[in-house]
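If you scroll down you'll find the structure; I have some questions about it.
All of the numbers you see were taken from the coordinates with simple rules; none came from a lab. Just so you know, these numbers come straight off a predicted model, no measurement behind them. With ideal geometry, Cβ positions are generated from the backbone for all residues, glycine too; neighbour counts draw on all protein chains shown.
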Amino acid sequence: MGAPGNLAWLSTDQYSQEIANVAGETYPEYIGECHPKNQHLPANSVWRIKKILYNLDWTVASIRWANRSKNFDFQWTQRATYNYA
């Protein structure tokens, strides 16, 4: 993955993605998506972010959107501050 904080860029047909892993693990914790033209703007409100929650055995328990919204209104750099309830 390479960059500090285990961040990686992936390209899809539709969006660019950034992934942050659970600290010390290889499991993704946050996945952010934005339009490819905005992929280098992590501090701008152009992202939609989801968080993956795991059971104790690392099976996926749930996937939740930041503030329950699929809108591209969030900042990747602030991903840990949003509500994922």
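Please check which bits of the range 12-53 a label hung off ASN71 would reach, taking the label as a point 7 Å along Cα-to-C-beta and the cut-off as backbone N under 14 Å.
Flagged as within label range: 45-49.
Could I ask something else about it? Taking the Cα centre as origin and putting +1 on Lys and Arg beta-carbons and -1 on Asp and Glu beta-carbons, what dipole magnitude results for the range 7-81, to the nearest 20 debye?
In debye, rounded to 20, the range 7-81 gives about 300.
Oh, and also: Set the Förster distance to 25 Å, then compute FRET efficiency between THR81 and VAL60 from the Cβ-Cβ distance, nearest 0.05.
For R0 = 25 Å, the calculated efficiency reads 0.65.
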